Amino acid sequence: MRHLCDSHLHLQDARLDLWRSEVVEELRSLQVIHWGVNGTGPDDWDAVSDLARHHAEVIPSFGLHPWKVRHALEGWESSLRSILESHPQAGVGEIGLDKWVSEPTLAVQIPAFLLQLTVANDLQRPVTIHCLKAWGTLLRLFREHPDCVPVRGFLLHSFGGPAEMVPALVRLGARFSFSGYFLEPRKETVCRTFREIPRDRVLVETDAPDMLLPAGLDGYGLLREGRRVNHPGNIERILVGLAGVLDCGVDELAGQTLANHEALFGC
Ligand SMILES: [Zn+2]
């Protein structure tokens, strides 16, 4: 039986509260052996830590998400360091830059992003980056602050950036993960970009409970307060979808994405 991994999800998210134990069972029955559970701020780091302590499959990451930068309480940086120190396998994430939201502005997001990249390098941890509509800024920051380029490598989760930036990002140590949302017909450009990415840099993720697959591909149909919720078990369908995009075998892609995940996260 093939082993799978979900390189980026938010299993701690309250939208999964009703189903968390069933989700855990389902991931085990699908042989999903690594779960890259990402925190988004001090308010969910303890929940991520608990999941990591109770489930051997969890590779946690702790970070302050760009959307939460303005409201983080004073002292969050030292809390981040200490929770990372208590989880020697953990990465730094989800951190990043987001120009799709109007608030907080990039000017507010950038100092928190750079600070967390410094922490990641101090502690020698891999980084998971969220980047929306800020690709030029990301490359400029890495150029201006070479000591902030993650020495352990980094994952650009749900990568929807321009194909022409892929070579520069690869040289900086980037990995790129594909999520189910990209199986929407209007996301064909992203699929084309994934065909250009070196195969040893491609990963797969659900970003559950977000980044929904097209409704016809969703294997679970979870609904909460009338809104669809992405079930992490959809990782298998995302992998099958990506194999179609890349025109390769599902088992071959499962093995490659698992090896790529293990190389980055050291598991
Ligand atoms: Zn995420």
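What follows is calculated from the coordinates using simple rules that are stated; it is not laboratory data. Predicted model, so just to flag it, every value in this text is computed and none were measured. Positions of Cβ are generated from backbone atoms using ideal geometry, with glycine treated the same way; all protein chains shown enter the neighbour counts.
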Mean ellipticity per residue at 222 nm, deg cm²/dmol - from DSSP H runs of n ≥ 4 across the chain, formula -39500 (n - 2.57): -12500 deg cm²/dmol
GluC sites (Glu not before Pro), loop per DSSP, at most 16 other Cβ atoms within 10 Å - longest free stretch of the chain: 75-224
Net lengthening on full extension, Arg2/Asp46 (0.36 nm per residue, minus Cα-Cα): 12.7 nm
Low-density loop positions, trypsin sites (Lys or Arg not before Pro), the stretch 1-85 - DSSP coil, at most 16 other Cβ in 10 Å: Arg2
Listed residues Val190, Val202, Val92, most fluctuating in the chain (Gaussian network, C-alpha, under 10 Å): Val190
The chain: relative contact order as a whole-number percent, Cα under 8 Å and 6+ apart: 19 percent
Pairwise FRET efficiency - Glu252 versus Glu103, Cβ, R0 = 35 Å, nearest 0.05: 0.20
Karplus 3J(HN,Hα) series, Hz, for the stretch 204-219 with 6.51 cos²θ - 1.76 cosθ + 1.60 (x for Gly, Pro): 10, 8, 9, 6, 4, x, 9, 6, 4, 6, x, 3, x, 9, 5, x
Estimated D of the chain in µm² per second, where Rh is the Kirkwood radius over Cα pairs and Stokes-Einstein applies at 4 °C, 1.567 mPa s: 71 µm²/s
Mean Cβ count within 10 Å, highest first, over the residues of peptides 147-157, 31-41: 31-41, 147-157
Radius of gyration and Dmax over the Cα atoms of the stretch 118-267, both given in Å: 15.8, 46
The chain: antiparallel DSSP beta bridges as a percent of all, rounded to 5: 10 percent
